[in-house]
Amino acid sequence: MHMLRFTGFTLLEYLRSGRVLIEVVALMLVYAIFFRNPMTDDYFFSVLGVFTPALTLYTMAAIIGLGDRPQSYVLLARGLGRASFLLGLFLSACSIVAGTYGILSLLVAILNPPPELDLLGWCLGTLPLMLNIGLLAALLLMLSPLVFPTSWRLFVLGLIALAFSSNFITGQMMAAIPETLQTLLRATQALLGGPLVPAFYGFQLAVTRDYGNATAIANLLAQTSLLIALLSLALYAFARRDLIFSGQ
């Protein structure tokens, strides 16, 4: 109950602060640029599969800014637990992004619906997108100054960069590396890239909405498990940190 009240309080503060205007402007721009012409259902989910993570980056950062204030000391002192505080921030950000997604979907359904997209198809495409929103929001929350100290944030960001390095270290650059180091680098990239697979396959699943194989269901379970793991790690780290909120 405390968590839900804090989530509502945070959403109200977000609306009062005027930050929600960014979501409103982004919503209108995306519709005007991408959704005014006739489209396929695959195109619809492809655009939203890129738009929602981008919006999550802004919204989660703004919500973290609302939480990282001296007023938060008062909330925690009045009985709001650390877990409720952190989960309230997470749910607030996810609610805003999901709400923007829902409004944009409704506009498309009313003004320019894809001819082959029905309600069931929309739900099947929405589920993996919502899980990806949660995954990115949980990762950003974990990497925020509220949860991880600077050293750990840099360490995790380094691991993420190493996981993506296979896209940049190729050809002549890879050939210049000694063979032993190449083998070690490829093994490390494969190991670190594993947790990224559910998110990328989730995007593909949203576009295709093909649930006719066990891989699709397994990926949804993998997305959910990874989301729980990220949130659990964030809660564990936050519970053991000294509370130092920003003076802004």
- Query: Excluding the sites themselves, what is the longest stretch of the chain that contains no chymotrypsin sites (Phe, Trp or Tyr not before Pro) in a DSSP loop with at most 15 other C-beta atoms within 10 Å?
  - Reply: 1-167
- Query: Among TYR31, PHE203, LEU135, which residue has its Cα positioned farthest towards the positive end of the charge dipole of the stretch 2-239, with +1 placed on the Cβ of Lys and Arg, -1 on the Cβ of Asp and Glu, and the dipole taken about the Cα centre?
  - Reply: LEU135
- Return the label of the correct value of semi-axes √(5λ) of the Cα gyration tensor in Å, as calculated from the structure shown, out of (1) 30, 29, 16; (2) 26, 21, 19; (3) 43, 25, 17. (1)
- Got the relative contact order for the stretch 2-239 handy, in percent, Cα pairs under 8 Å and 6 or more residues apart? 29 percent
- Residues whose placed amide H lies under 5 Å from that of ARG69, excluding near-sequence neighbours: SER246
- Query: Magnitude of the Cβ-charge dipole of the chain, K/R +1 and D/E -1, about the Cα centre, nearest 20 debye?
  - Reply: 840 debye
- Query: Fewest first, what order do CYS123, CYS94 take by the number of other Cβ atoms within 10 Å?
  - Reply: CYS123, CYS94
- Could I have the simple spin-label model distance between LEU107 and SER151, label points 7 Å from Cα toward Cβ, reported in nm to one decimal? 4.7 nm
- Message: Show me the helices of the chain, taken as full DSSP H stretches, that run 24 Å or more along their long axis by Cα and average 0.0 or above in Kyte-Doolittle hydropathy.
- Response: 41-67, 82-111, 119-142, 214-239
- Determine the relative contact order of the stretch 1-126: mean sequence separation of Cα pairs under 8 Å and six or more apart, normalised by residue count, in whole percent. 47 percent
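Readers should treat all values here as calculations from the given coordinates under stated rules, not as data from a laboratory. In this text, all values refer to a predicted model and were calculated from it rather than measured experimentally. Glycine gets a Cβ as well: all are built from the backbone with ideal geometry, and neighbour counts include every protein chain shown.
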